[in-house]
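**Q** Supplied in structure tokens, the structure appears directly below.
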Amino acid sequence: MSEYKITLSEQDLPRSWYNVIPDLPAPLPPPLHPCTGQPARPDDLRPIFPMALIEQEVSTQRHIRIPEEVLDILRLWRPTPLFRAYRLEKALGTPARIYYKYEGASPAGSHKPNTAIAQAYYNKQAGIKRLTTETGAGQWGSALALAANFFGLECQVYMVKCSYHQKPYRRTMMQAWGARCVPSPSTETESGRRVLQEDPDCPGSLGIAISEAVEDAMHRPDTNYSLGSVLNHVMLHQTVIGLEVMKQLKLVDEEPDILIGCCGGGSNFAGLVFPFVPEKASGKPIRIIGVEPAACPSMTKGVYAYDYGDKSGMTPLLKMDTLGHDFIPPGIHAGGLRYHGMAPLVSLLHRHGVVEAVSYPQVRCFEAAVLFARAEGIIVAPETSHAVACVLDEARRAKEEGREKVIVFNLSGHGLLDLGSYDKYFAGELVDYEYPDDKIRESLAHLPKVPQE
Ligand SMILES: *Cc1c(COP(=O)(O)O)cnc(C)c1O
């Protein structure tokens, strides 16, 4: 048996992020202004983002230096370990060699602090005093609360109301790190009040919470907005994951055949796979697979089109794989995968065949997660269970074909705050949602009317 846990020392922490933009197979369509339909100018974003992040959003520089102040905090849990899943391989009887990158090691328990820390830093540098954001199940809200706390910023989180009541513990984490968390729709914004007037019992959605957080940031000069996925700068900050994995695989003299990650807005997946895109482009036969929920299948069933990022149409239009901005996904337990769109960078790579997409229904994902927990010990987040389900299928295929394959996946977070979902699974109460064909068709009919090419 060779190494079980492949660790790097602090000196191996990447000093630069990798920007995939110069290595794309085609130019990235620009974001459009939500009112004029013309390409958005950097100035349009200034009311809610600091200039440094706007520059990163459009940068064509391949490597972007990570500030020392950011490295100093990432160091608290990075580099994260890469594990060889020997026990899982044995349980499956597969000739595949399976590796997983453990992003559950951060204080918030997921990959999300990788970008939260960087975003809080650049906002602090720009003289901002307060950050707003939205959160579904609470992973992003807690990551930003952690980051804001380190840089002495106030933080207000609009949390989707049904999760606010169902998932109290991530709200407690936000409070422990000093953030203020309010259920959305709230009475604190015009967008929230408008929704409540129509439906006082509205359970909320990510789209509504984004509208509230953006409105709040637009109305206060001391406040900016922060987004935990989808945008180019978020993908950029997550590449520390894949950059570390490259070094770790070299240490054990391995090259990946298959890279796998779960996809909500696409950031943990991008973080793992983007650094491998140039290798694939230069001819290495690497399969790159993004896994999404069958109930919210933006890549496998959506269209590649310009759409809003939020419900009220306040954000710029992004060209992406989308199910339509007013699609409200069924209440699956992987709250972090319930978003109508996919990151423009991931969508473009999907469109050009660099990235494959598959979807899984939630019961199969929980089955896979329990098998994984019994073999490897780690109880994964419901989001991550989608990646695990795909890994099991690929490992079984390798067994059928009698081929040694190297499979690497991103274990985006642990599930220790999601045990209520596991409880439902064990009680046999989890159901698979029908693919919401009608609802998706209806919401795709409401795509913004702009020239799509
Ligand atoms: C938020 C979250 C996701 C989904 O977001 P991406 O931007 O697609 O990575 C996946 N896994 C975990 C643990 C999360 O918290």
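**Q** Would you mind finding the one in A368, A373 that is surrounded by fewer than 19 Cβ atoms within 10 Å (Cβ to Cβ) and within 16 Å of the ligand (Cβ to nearest atom)?
**A** The unique qualifying residue is A373.
**Q** Which pairs have Cβ atoms under 6 Å, sit 6 or more apart or on different chains, and link a residue in segment 254-268 that is more than 7 Å from the ligand (Cβ to nearest atom) to one that is assigned to a loop (DSSP other than H, G, I, E, B)?
**A** P256/I286; D257/K405
**Q** Let me ask you something else. Any chance you could count how many residues in segment 401-453 are in a loop (DSSP other than H, G, I, E, B) and within 16 Å of the ligand (Cβ to nearest atom)?
**A** Total meeting the criteria: 5.
Condition check ((1) open to solvent by 30 Å² or more (accessible area, probe 1.4 Å); (2) of a type in the set (D, E); (3) under 17 Å from the mean Cα position of the chain (by Cα)) across all residues:
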| site | (1), (2), (3) |
| --- | --- |
| T80 | no, no, no |
| G104 | no, no, yes |
| I117 | no, no, yes |
| K129 | yes, no, no |
| E134 | no, yes, yes |
| C162 | yes, no, no |
| H165 | yes, no, no |
| W177 | yes, no, no |
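**Q** Do the conditions hold for L144, that is, is it touching a residue at least 40 places away in the same chain (Cβ under 8 Å), more than 9 Å from the ligand (Cβ to nearest atom), more than 26 Å from P330 (Cα to Cα) and open to solvent by less than 10 Å² (accessible area, probe 1.4 Å)?
**A** Considered against the rule, which asks whether it is touching a residue at least 40 places away in the same chain (Cβ under 8 Å), more than 9 Å from the ligand (Cβ to nearest atom), more than 26 Å from P330 (Cα to Cα) and open to solvent by less than 10 Å² (accessible area, probe 1.4 Å), L144 comes out as no.
**Q** Just give me the residues in segment 297-306 being open to solvent by less than 20 Å² (accessible area, probe 1.4 Å) and either touching an Asp or Glu at 6+ places or on another chain (Cβ under 7 Å) or at pLDDT below 95 (or both), in sequence order.
**A** Once the filter is applied, which keeps residues that are open to solvent by less than 20 Å² (accessible area, probe 1.4 Å) and either touching an Asp or Glu at 6+ places or on another chain (Cβ under 7 Å) or at pLDDT below 95 (or both), segment 297-306 yields P297, S298, M299.
**Q** Within the bounds of segment 273-285, is there any residue that is polar (S, T, N, Q) and either crowded, with 19+ Cβ neighbours inside 10 Å or at positive phi (or both)?
**A** no
**Q** Among the residues of segment 395-403, is any under 24 Å from V277 (Cα atoms) and among the hydrophobic types (A, V, I, L, M, F, W, C)?
**A** For segment 395-403, residues under 24 Å from V277 (Cα atoms) and among the hydrophobic types (A, V, I, L, M, F, W, C): present.
**Q** Out of R441, R364, R397, report the one residue that is free of Cβ contacts under 8 Å to residues at least 24 places away in the same chain, closer than 24 Å to F327 by Cα and out of contact with any Pro (no Cβ under 6 Å at 6 or more places or on another chain).
**A** R441
**Q** Quick one: in segment 316-365, of everything that is in a helix (DSSP H, G or I) and in contact with a strand residue (DSSP E or B) (Cβ under 7 Å, 6 or more places away or on another chain), which residue is surrounded by the most Cβ atoms within 10 Å (Cβ to Cβ)?
**A** Here the answer is V346.
**Q** Could you list, in sequence order, all residues of segment 1-18 that are touching a strand residue (DSSP E or B) at 6+ places or on another chain (Cβ under 6 Å), open to solvent by less than 50 Å² (accessible area, probe 1.4 Å) and in a loop (DSSP other than H, G, I, E, B)?
**A** none
The values are calculated or read from the model by the stated rules, or taken from the named source; none is laboratory data. Keep in mind that this is a model prediction, so the values were computed, not measured. Positions of Cβ are generated from backbone atoms using ideal geometry, with glycine treated the same way; all protein chains shown enter the neighbour counts. These area figures cover heavy atoms from the full protein model, side chains too; ligands, DNA and RNA do not enter into them. Shrake-Rupley method; radii C 1.70, N 1.55, O 1.52, S 1.80 Å.
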